[in-house]
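*Asks:* Got a structure for you, questions after.
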Amino acid sequence: METRRLGKTEHQSSVVTFGTYAIGNATQDDADRAIEFALEHGINHFDVAPSYAEAELRLGSYLARHPQPDLFISCKTEKRDAAGARAELHRTLERLGRDRFDLYQLHAVGDLEDLDRCFAPGGSFDVFLAARDEGLVGHIGITGHGMESPATHAEALARFPFSTVMISLNPSLHAIPAFRRDWEMLLARCQADDVGIHVLKATAKAPWGERTPTHTTWYEPLTDQADIDHAVAWALSRPVTTLCSSGDLTVFPKIVDAAERYRPGSEASGELVAAVPGYANIFV
């Protein structure tokens, strides 16, 4: 699998990051199989969070039995107070059996009010700085969902030189003028400051609405291989480093397959929004 430099972290990340949300509610055997599939296909970047059900325990169990010293692991916290963030950081390190994170991120910061909570006196960001000074964290990043995330992350970069941003992007979102404007503003800032970009929700299709979910994702994912091929190619044709895999284990191998077959020039998928019935903004 292709690798790309994750900005100032200097890590050569696989263009697919294993999003461990997918194993949060899986059995340990199913989680082991998914992790082994990821490793066998050259995925060297795993993303985990305390809010992903039992994902930390599933990944930690596997790593205890199969150490992976070269695996780049990013984690994140939704806690906005220093005490809560510190407790989560240490608990996750213990669960994973590691002494440091390669990347630790402010999680789900989607608007300026939330960003302000992180940076307030006694806020979670104080813990990030202290953890970096203590050697518990290699790099600091920020993640976010929703329509305001690009502008929010651009403001975050004006406050602190984050190493990475993790943000939702797909053809449906990019087709919205206001989102595209803010995304392009953020992209320019990331390129100027050598900030690595993770893409979220590249293969998201639409909100579930009133329908009964058929997958473990909170949105309806693309499931047809051809559609996934187009969506992955479109995302990887942007100046980004890596896209996080779907939170559904049945979709995950299709994303890996699409990424392994991606070649520059294969991203002519501007018609994806019109071609996929029901393709829509998942944040509506």
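*Asks:* Output the residue which, of all residues in the range 218-237 that are in contact (Cβ under 8 Å) with a residue 60 or more places away in the chain and in contact with a helix residue (DSSP H, G or I) (Cβ under 8 Å, 6 or more places away or on another chain), is nearest to residue 44 (Cα to Cα).
*Replies:* Checked the range 218-237; the qualifying residue nearest to residue 44 (Cα to Cα) is 236.
*Asks:* OK, next. Just to be sure I understand, how many residues within the range 5-42 are more than 19 Å from residue 138 (Cβ to Cβ) and not aromatic (Phe, Trp, Tyr)?
*Replies:* 23
*Asks:* Tell me, which residue of the range 103-123 that is buried (at least 23 other Cβ atoms within 10 Å of the Cβ) and part of a strand (DSSP E or B) is nearest to the chain's Cα centre (by Cα)?
*Replies:* Residue satisfying both the conditions and the ranking: 105.
*Asks:* Considering 38, 34, which residue is in contact with a Phe, Trp or Tyr (Cβ under 6 Å, 6 or more places away or on another chain), of a type in the set (Gly, Ala, Ser) and assigned to a helix (DSSP H, G or I)?
*Replies:* 38
*Asks:* Under 30 Å from residue 276 (Cα atoms), surrounded by 17 or more Cβ atoms within 10 Å (Cβ to Cβ), touching a strand residue (DSSP E or B) at 6+ places or on another chain (Cβ under 7 Å) and aliphatic (A, V, I, L, M): does that describe residue 169?
*Replies:* yes
*Asks:* Moving on. In the list 192, 258, which residue meets the criterion of being under 19 Å from residue 44 (Cα atoms), small (Gly, Ala, Ser) and not in a loop (DSSP other than H, G, I, E, B)?
*Replies:* Result of the check over 192, 258: 258.
*Asks:* If you go through the range 44-62 one residue at a time, do you hit one that is on the phi > 0 side of the Ramachandran plot and in contact with a helix residue (DSSP H, G or I) (Cβ under 9 Å, 6 or more places away or on another chain)?
*Replies:* So far as the range 44-62 goes, yes, one or more of its residues are on the phi > 0 side of the Ramachandran plot and in contact with a helix residue (DSSP H, G or I) (Cβ under 9 Å, 6 or more places away or on another chain).
*Asks:* Then there's this: So, in the range 1-30, how many residues would count as being within 16 Å of residue 217 (Cα to Cα) and among the aliphatic types (A, V, I, L, M)?
*Replies:* Of the residues in that region, 3 qualify.
*Asks:* Starting from residues that are assigned to a helix (DSSP H, G or I) and surrounded by fewer than 21 Cβ atoms within 10 Å (Cβ to Cβ), keep the ones in the range 1-31 and report whichever is farthest from the chain's Cα centre (by Cα).
*Replies:* That would be 29.
*Asks:* Of the conditions (1) within 18 Å of the chain's Cα centre (by Cα); (2) crowded, with 16+ Cβ neighbours inside 10 Å, residue 42 fails just one. Which one is it?
*Replies:* (2)
*Asks:* Scanning the range 45-59 for residues that are surrounded by 19 or more Cβ atoms within 10 Å (Cβ to Cβ) and free of Cβ contacts under 8 Å to residues at least 40 places away in the same chain, which turns out nearest to the chain's Cα centre (by Cα)?
*Replies:* Among them, the one singled out is 46.
*Asks:* For residue 99, state whether it is farther than 30 Å from residue 172 by Cα, in contact (Cβ under 8 Å) with a residue 24 or more places away in the chain, in contact with a helix residue (DSSP H, G or I) (Cβ under 8 Å, 6 or more places away or on another chain) and charged (D, E, K, R).
*Replies:* Yes, satisfied.
*Asks:* Right, something else. How many residues are farther than 19 Å from residue 34 by Cα and more than 16 Å from the chain's Cα centre (by Cα) if we restrict to the range 232-251?
*Replies:* Looking only at that region, the number is 3.
*Asks:* Which one of 178, 188, 226 is among the small types (Gly, Ala, Ser), surrounded by fewer than 21 Cβ atoms within 10 Å (Cβ to Cβ), closer than 19 Å to residue 280 by Cα and modelled with pLDDT of 95 or more?
*Replies:* So the residue among 178, 188, 226 that is among the small types (Gly, Ala, Ser), surrounded by fewer than 21 Cβ atoms within 10 Å (Cβ to Cβ), closer than 19 Å to residue 280 by Cα and modelled with pLDDT of 95 or more is 178.
*Asks:* From the residues in the range 191-212 that are under 12 Å from the mean Cα position of the chain (by Cα) and not charged (D, E, K, R), which one is surrounded by the fewest Cβ atoms within 10 Å (Cβ to Cβ)?
*Replies:* Here the residue is 200.
*Asks:* Could you check the range 105-152 and list, in sequence order, the residues that are in contact with an Asp or Glu (Cβ under 6 Å, 6 or more places away or on another chain) and among the hydroxyl-bearing types (Ser, Thr, Tyr)?
*Replies:* 152
*Asks:* Now a separate question. Would you mind telling me which numbered condition in (1) in a loop (DSSP other than H, G, I, E, B); (2) surrounded by 15 or more Cβ atoms within 10 Å (Cβ to Cβ) residue 69 fails?
*Replies:* (2)
The values are calculated or read from the model by the stated rules, or taken from the named source; none is laboratory data. Not measured: the values here are computed from a predicted model. Every residue, glycine among them, receives a Cβ derived from its backbone with ideal geometry; neighbour counts consider all protein chains shown.
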